[in-house]
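Down below is the structure, laid out as structure tokens.
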Amino acid sequence: MSNNYSLLLTPYSLPMTRVISVINYKGGVGKTTTVINTAAGLAREGARVLCIDLDPQGSLAVCLGVKSPYTSADLLLGHEVPERCIVSARPNLDVIVSNHDLQRAEGQLWRMPDERIARRVLYYTMRPIKTYDYVFLDCSHSISILTHNALLYAQELIIPVATDYLSMVGTRQVLDTLKEIGRIPDHRLRLTAVVPTMNYERRRKDREVMDLLNYYFKGKVTAPIRSNVRLPEATSRQKTIFEYDPRSYGAVDYAALVQWVKEAENQLGVAS
């Protein structure tokens with residue numbers, strides 16, 4: 001990548017907007033569920049939130065029950081402006097949806113010089129976020145140019161980790177990428193939270209994984225999101241957990257994560 005990294009730092013000219021990538025290179029860890037319910041919880045408390053789907057599976061739109069003729073693929077390829085791609089999903093919660101077109105778009109992005117790709121991602125996603133308190137990037141579980149650029153764009157990183165050993169492998173791969181990006185001069189990307197998901201406290205395996213997470217990520221591991229049938233039920237009904245069952249374990253646990261994210265704002269600018 002070119003050494004002219006100053007062009008990659010434009011989001012930090014908007015200090016009131018927190019840009020957060022949610023990523024794990026292992027599928028099935030509750031990544032999109034975490035994006036939706038954390039964003040929805042913040043929106044319910046009055047924050048203005050934008051979620052951008054960077055996964056070709058397009059789960060964000062399906063789970064929230066929204067449709068748009070314009071997607072993140074149109075945005076990244078310069079076919080549409082952000083204002084036409086943003087749709088309202090809930091009060092205070094907007095989204096830019098994705099679909100399989102993003103996979104074809106990624107093939108075109110690969111043929112561009114690296115710096116041009118990064119600048120396109122940053123420029124077209126940066127322009128509309130001046131009115132948002134939070135921007136969440138829902139990343140694919142694949143190691144791709146889109147996930148790499150999501151980390152280049154973000155200020156913060158949230159890693160959902162199902163409490164099994166294979167999820168730990170995906171987490172290690174994310175950290176390897178994070179170290180690579182950390183070599184970019186003046187690029188500030190901090191680990192805000194490691195979120196244990198699908199947790200059964202009574203299982204020894206889950207307890208062992210929690211112990212490992214707390215050992216390697218001391219001070220960054222949130223209270224676990226307990227395994228709760230209400231979470232997949234809410235998704236299947238295109239509702240957030242707060243809409244579907246606000247008294248469930250899932251709602252209680254994601255409400256706690258929302259508070260963690262809000263409190264982490266006080267630590268911005270402090271090296272992780």
The one condition ILE52 fails out of (1) buried (at least 24 other Cβ atoms within 10 Å of the Cβ); (2) assigned to a helix (DSSP H, G or I) is (2)
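Sort out for me the strands (runs of 3 or more DSSP E) sitting completely within the range 60-162 that have 3 or more residues that are buried (at least 18 other Cβ atoms within 10 Å of the Cβ) and at pLDDT 85 or above.
Ranges flagged: 93-96, 134-139, 156-162.
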Looking at the range 172-191 only, could you name the residues that are at pLDDT below 80, surrounded by 15 or more Cβ atoms within 10 Å (Cβ to Cβ) and assigned to a loop (DSSP other than H, G, I, E, B)?
ILE184, HIS187, ARG188
Among (1) in contact with a helix residue (DSSP H, G or I) (Cβ under 7 Å, 6 or more places away or on another chain); (2) over 26 Å from GLU233 (Cβ atoms), there is one condition PRO69 misses while meeting the rest; what is its number?
(1)
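The values are calculated or read from the model by the stated rules, or taken from the named source; none is laboratory data. Computed from a predicted model, the values in this text were never measured in an experiment. Here Cβ is always computed from backbone atoms with ideal geometry, including for glycine, and neighbour counts include all displayed protein chains.
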